[in-house]
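Peer 1: Have a look at this one before I ask anything.
Each value in this text was obtained by applying a stated rule to the coordinates, not by laboratory testing. These numbers come from a predicted model, not from an experiment. Because the Cβ atoms are built from the backbone with ideal geometry, glycine has one as well, and the counts that use them run over all protein chains shown.
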Amino acid sequence: MNYKVKISLGLTILGVLLFLCLVGSLFSPYEPTSIYLAHKNAPPSFSHWFGTDELGRDLFTRTLQGIRISLSIGTLAAFVDLLLGTLWGTISGFANRKVDSVMMRLAELVYSLPYLLVVILASVILGKGLIPLVVAMVCIGWIQMARVVRLLVRDARCSDYVVAAHALGVRTPRLFLAHIFPNIVGPMLAACMLSVPHAIFTEAFLSFLGIGIQPPIASLGSLVGDAIPAMRFFPWRLVFPASFITLLIFSIMLLSDGLRDLYDPKKRLHEGGL
Amino acid sequence: MSHLLEVSHLVAGTRTTTIINDVSLNVCENEIVALVGESGSGKSMIARSIMRLYPSEQIHTFSGSIRFQDQELLRFSENSMRKIRGREIAYIPQSPLNALNPMMTIGKQLIESYDSRCYEGKSSPKERAHHLLKRVGFHDSQLIMNSLAYQLSGGMRQRILVAISLMNSPKLLIADEPTTALDVTLQAEILDLLQDLKEEYGLAIFFITHDLGLVARSADRVYILKSGEIVETGTTDDLFYKPQMTYTKTLLDSLIQHPTITASAV
């Protein structure tokens, strides 16, 4: 598949999902948290498009809210990861061996902390909710990004074309901006985009354990978690949120794949030249 | 002839091994000098020392003197050194296949290295780039300017590197194994080109190779390097007809057994 097709398809699906979760609730007369016990576990119908859950809450409205929550957690965590990781990784990649060792050992120290412990600590200190969850994820998540960026910078710095440019008297800032950065931005963006689904899955897992998003607010993960016990009798409660998770992650994967190809000169249809 | 570059008593080594041991050599103006040695003898390290491009974290001992136009390069600050690189001394790295930025068009890379203060001519960077690309044998220079490195063959890339290194009319060109990645016909082509450029621009060329055939074809003077030490030096003719050291004789003997190279050498 051409990178243009990948990027536009990914962006289209993501755009539709974004549009749905921002505007979709206008089409629904229900609130995501209002309870109608008389309608509990109703199958999909014209009044409840995706059916209702065990408290009679409208699943269409709750799924839309779930996309909103999951997507904001995913993008926020990935963005902060990218920011912190790029900064740390670039400095470490450029620094001399001693500074580099100290920085990477510090990062490994943080990385060795048990993940769940950090999340629980963060939720104890910052309270429960979306922001503490993102903070807890980023606490550990940025290190992956920093490692990737450091390796890419180190690799590019020793590459022949950077040495050649250095030998031609190119200044260090330009060496980074024109020679190193364009050659590492593709894999960097791909790694960043991969941390979006990772964050979404982590949130789903934490919600499942009860330390993620707190009820009655819904995330895609908590909807799936709630639906699993009733899967045999009310399968629609599982099918809709699960397919939206799939769709969301599929579109992000497509986008990340396309972005990586965009920055690969061999895959990009280069205009001009031979 | 006055010495353009004079390296004396250069010693370099890591914590445990000596890479270059008391190397002294010189390059005069408008002269082609070859440095010959087997792999691991410290050839590239000498070239990189002159440009100060060696990995400083791994090099533990470094002493001696490198004089260029009667200035001591080892006393230069990093910033003054940057002004020498590409402007006074140009360097062509070992592997032409990877020495071009894969994400930048050839034209941009040519123009990037251009420093208007170094070139007295009136031509703009673009004109200069076109002129040099034509000079190294590309007729459709606009097409090459718009290309990316992966679209070009090894020989084309090597010629582009020569063009890039000449952008600022340097006085000395250091080429680290300029022909290793090329086949025999292209090797001859690049060497003829270097020789023409020497005549045309009054360039001095210091090239590193392990191929004595190339030396016989183009160098004025030769240094033979073995395990980080210069074992023999002389004009190309002297060295080929009256080798003094057994090591040089061994090298030459190995050459005789290689019929294709001998043909071009004699």
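Peer 1: Would you please state which residues of region A:85-104 a label at A:Leu126 would reach in this model, taking the label point 7 Å out along Cα→Cβ and a backbone N cut-off of under 16 Å?
Peer 2: Residues A:85 fall inside that zone.
Peer 1: Right, next: Any idea how far the Cα center of region B:1-60 sits from the one of region A:89-155, in Å?
Peer 2: About 43 Å separates the Cα centre of region B:1-60 from the one of region A:89-155.
Peer 1: Here is a follow-up. Report, to the nearest 10°, how far helix B:154-165 tilts away from the longest principal axis of the Cα atoms in chain B, using its own Cα long axis and a range of 0 to 90°.
Peer 2: Helix B:154-165 sits roughly 80 degrees off the main axis of chain B.
Peer 1: I'd like the mean, over residues of A:155-166, of how many other protein chain beta carbons sit within 10 Å of each residue's own Cβ.
Peer 2: Rounded to a whole number, the mean comes out at 6.
Peer 1: Additional query: Quick one: which of A:94-100, B:199-205, A:141-147, B:126-132 comes out on top by average Cβ neighbours within 10 Å, and what's the full order, highest first?
Peer 2: Descending packing order for the listed peptides: A:141-147, B:126-132, B:199-205, A:94-100.
Peer 1: Relative to the longest principal axis of chain B, what angle (0 to 90°, nearest 10) does the C-alpha long axis of helix B:184-201 take?
Peer 2: Value to nearest ten degrees: 80.
Peer 1: Sort A:Asp58, A:Asp226 so the one with the fewest other Cβ atoms within 10 Å of its own Cβ comes first.
Peer 2: Least to most surrounded, the residues fall as A:Asp226, A:Asp58.
Peer 1: Then there's this: Over region B:65-156, calculate the relative contact order: mean separation of alpha carbon pairs under 8 Å at least 6 apart, over the residue count, as a percent.
Peer 2: Over region B:65-156, the number comes to 29 percent.
Peer 1: Between A:Phe46 and A:Phe205, how many nm apart are label points set 7 Å from Cα along the C-beta direction?
Peer 2: 4.5 nm
Peer 1: So, one more: So, in Å, what gap is there between the alpha-carbon centers of region B:158-217 and region A:188-259?
Peer 2: Result: 60 Å between the Cα centres.
Peer 1: Using modelled amide H (1.01 Å from N, peptide plane; none on Pro or chain starts), what sits under 5 Å from the amide H of B:His3, excluding residues fewer than 5 places away?
Peer 2: For B:His3, whose amide H was placed from the backbone, there are no distant partners under 5 Å.
Peer 1: Looking at the square roots a ≥ b ≥ c of the eigenvalues of the Cα gyration tensor of region A:185-265, which shape do they give, rounded for a/c under 1.5, prolate if a/b is larger than b/c, or oblate?
Peer 2: prolate
Peer 1: Continuing with this model, one more query. Can you give the mean number of other chain Cβ atoms that lie within 10 Å of the Cβ atoms in peptide B:100-111?
Peer 2: Across B:100-111, the average partner-chain Cβ count within 10 Å equals 5.
Peer 1: Treating only the Cβ atoms of Lys and Arg (+1) and Asp and Glu (-1) as charged, compute the dipole magnitude of chain A about its Cα centre; round to the nearest 20 debye.
Peer 2: 620 debye
Peer 1: Projected onto the charge dipole of region A:78-170 (+1 at Lys/Arg Cβ, -1 at Asp/Glu Cβ, origin at the Cα centre), which of A:Val119, A:Ala156, A:Leu130 gives the Cα projection farthest towards the positive end?
Peer 2: Of the listed residues, the answer is A:Val119.
Peer 1: Which one of B:Pro55, B:Gln158, B:Ile208 has its Cα pushed farthest toward the positive end of the charge dipole of chain B, where Lys and Arg give +1 and Asp and Glu give -1 at the Cβ?
Peer 2: Most positive-ward Cα: B:Pro55.
Peer 1: Suppose each label sits 7 Å from its Cα in the direction of the beta carbon; what would the B:Ser2-B:Val184 distance come out to in nanometres?
Peer 2: 4.3 nm
Peer 1: Just going by the charge dipole of the protein assembly as shown, with Lys and Arg at +1 and Asp and Glu at -1 on Cβ, which of A:Leu59, A:Pro187, B:Thr180 is farthest out on the positive end?
Peer 2: Looking along the dipole axis, the top candidate is A:Leu59.
Peer 1: Before anything else, pin down the relative contact order of region A:98-233: Cα pairs under 8 Å, at least 6 apart, normalised by residue count, whole percent.
Peer 2: After rounding, I find 22 percent.
Peer 1: So for each of B:87-98, B:38-49 I average, over its residues, the number of other beta carbons within 10 Å; can you give me the resulting order with the highest mean first?
Peer 2: B:87-98, B:38-49
Peer 1: Between 0 and 90 degrees, rounded to the nearest ten: what's the tilt of helix A:3-23 against the longest Cα principal axis of chain A?
Peer 2: 40 degrees
Peer 1: Could you tell me the relative contact order of chain A? Use alpha-carbon pairs under 8 Å, at least six residues apart, and round to a whole percent.
Peer 2: Value for chain A: 28 percent.
Peer 1: Using a simple spin-label model with points 7 Å from Cα along the Cα→Cβ vector, what separation in nm is obtained for B:Ser227 and A:Ala95?
Peer 2: Those two pseudo-labels are separated by 4.1 nm.
Peer 1: How large is ³J(HN,Hα) for each residue in region B:67-80, as worked out from phi by the Karplus curve 6.51 cos²θ - 1.76 cosθ + 1.60 (θ = phi - 60°), to whole Hz, x for Gly and Pro?
Peer 2: Computed from phi, the couplings for region B:67-80 are 10, 10, 6, 6, 10, 7, 5, 5, 8, 5, 6, 4, 5, 5 Hz.
Peer 1: Here's something else I'd like to know. List the pairs from B:Lys43/B:Lys242; B:Lys83/B:Lys198; B:Lys134/B:Lys226; A:Lys266/B:Lys198 whose alpha-carbon separation is above 32 Å, in the order I gave them.
Peer 2: Those over the limit are B:Lys134/B:Lys226; A:Lys266/B:Lys198.
Peer 1: Mind checking the dipole of region B:30-132: about its Cα centre, +1 per Lys or Arg Cβ, -1 per Asp or Glu Cβ, Debye to the nearest 20?
Peer 2: Roughly 260 debye for region B:30-132.
Peer 1: Here's something else I'd like to know. Taking the Cα centre of chain B as the origin, how large is its charge dipole in debye, to the nearest 20, when only Lys and Arg (+1) and Asp and Glu (-1) carry charge on their Cβ atoms?
Peer 2: Here the size comes out at about 760 debye.
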